[in-house]
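Q: Shown below is the structure under consideration.
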Amino acid sequence: MMRTREWIRRGLILVSAVFLLATTPQPQAETTLTEALIKAGATPEKYMLHHGSRMPNSISLKSLPHQVDRLAKDFGLGTMHKAPVAEGLRWTAEGTWGRNLTVECNVIVDKPEDAYVKPYLSIQVKGHGRPDEGLILARDHMIQILRQYHIQPRTHFSIQGTLSKLTDSYGQKDKTIQQVLTRLGARKVESMNTDRTTSVSAYTPLFSGGLVTKGGEMNVQAAAKVATDDRHVILTLGTPIITIEY
């Protein structure tokens, strides 16, 4: 678990360090990744649409509570709750969209000693099972609100499921990754491997934009992990990166 979290942390650090070519996947990216996961033999279990970026303009720290309350209201969420965190200060609000989507909004100020700040905004839309048209509607709604605040949408989509067929999981994880890359017409850019997990960053012409890393341009990630029972494989896909724990 700790190793997986470390990989996620490294991935997020990588995103902050690279140049964003284009930040919002095409609408069909969610459908394409879902179908790729299912064709690989996995049953969708959970997914997440995530936006993360700095606010476009500096804001007075004194006026920020009013601003975050207005943001939560526009997203149809509950009351913003303020708390000190390791990064500085964080406001969090939660709510639900439709019957299967939970939404969490976080506004983080990493320099609370400054009179004017540029907070980091994170929006997470989470669901369980197979995504349906409700996710696309939620995505469009989120983008609309972000643009009302003159925020450039920077969304990432991730989906995770477990291969239903019992197999030699240690041998299957690499085969599963290759099957996904082949289906997406993707070429491998970078990879990380352990006994239990294989994670690959790749580029596919099916998706626009992506990230430039030391290994080259990428816009999709795939990770296969041996489950705790040593008999199943957990498959996670994301574009342009994976933003859920695997």
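The values are calculated or read from the model by the stated rules, or taken from the named source; none is laboratory data. This structure is a prediction, so every number in the text was calculated from the model and none was measured. Here the Cβ is made from the backbone with ideal geometry for all residues, glycine too, and neighbour counts use every protein chain on show.
Q: For Ala93, state whether it is surrounded by 19 or more Cβ atoms within 10 Å (Cβ to Cβ) and either in contact (Cβ under 8 Å) with a residue 60 or more places away in the chain or more than 30 Å from Val233 (Cα to Cα) (or both). Give the derivation first.
A: On the way: surrounded by 19 or more Cβ atoms within 10 Å (Cβ to Cβ): yes; either in contact (Cβ under 8 Å) with a residue 60 or more places away in the chain or more than 30 Å from Val233 (Cα to Cα) (or both): yes.
Spelling it out, Ala93 is indeed surrounded by 19 or more Cβ atoms within 10 Å (Cβ to Cβ) and either in contact (Cβ under 8 Å) with a residue 60 or more places away in the chain or more than 30 Å from Val233 (Cα to Cα) (or both).
Q: Please verify whether segment 159-180 includes one or more residues that are at positive phi and in contact with a strand residue (DSSP E or B) (Cβ under 8 Å, 6 or more places away or on another chain).
A: Narrowing segment 159-180 to residues at positive phi: none.
Among the residues of segment 159-180, not one is at positive phi and in contact with a strand residue (DSSP E or B) (Cβ under 8 Å, 6 or more places away or on another chain), which makes the answer no.
Q: Picking from Glu133, Glu87, Glu94, Glu113, which residue would you name as being within 26 Å of Leu33 (Cα to Cα) and either touching a strand residue (DSSP E or B) at 6+ places or on another chain (Cβ under 9 Å) or at pLDDT below 95 (or both)?
A: Working: Glu87 fails: within 26 Å of Leu33 (Cα to Cα); Glu94 fails: within 26 Å of Leu33 (Cα to Cα); Glu113 fails: within 26 Å of Leu33 (Cα to Cα).
The conditions single out Glu133.
Q: Quick check on segment 167-187: of everything there that is part of a helix (DSSP H, G or I) and of a type in the set (S, T, N, Q), which residue is surrounded by the fewest Cβ atoms within 10 Å (Cβ to Cβ)? Walk me through how you get there before you give the answer.
A: Narrowing segment 167-187 to residues part of a helix (DSSP H, G or I): 169-184.
With the extra rule that they be of a type in the set (S, T, N, Q), the set shrinks to 169, 172, 176, 178-179, 182.
Working: Ser169: 20, Gln172: 21, Thr176: 24, Gln178: 16, Gln179: 18, Thr182: 10.
My answer is Thr182.
Q: Let me ask something else about it. Looking at segment 233-246 only, could you name the residues that are at pLDDT 90 or above and assigned to a loop (DSSP other than H, G, I, E, B)? Let's see the steps before the verdict.
A: Restricting attention to segment 233-246, the residues satisfying the condition of being at pLDDT 90 or above are 233-245.
If the condition is that a residue be at pLDDT 90 or above and assigned to a loop (DSSP other than H, G, I, E, B), then Pro240, Ile241, Ile242, Thr243, Ile244, Glu245 are the ones that fit.
Q: Could you look through segment 199-216, keep only residues that are part of a strand (DSSP E or B) and at pLDDT below 95, and pick out the one that is surrounded by the most Cβ atoms within 10 Å (Cβ to Cβ)?
A: Taking segment 199-216 and keeping what is part of a strand (DSSP E or B), we get 199-203, 210-213, 216.
Next, only the ones that are at pLDDT below 95 stay: 210-213, 216.
On the way: Gly210: 25, Leu211: 23, Val212: 13, Thr213: 17, Gly216: 15.
Ranking the candidates gives Gly210 first.
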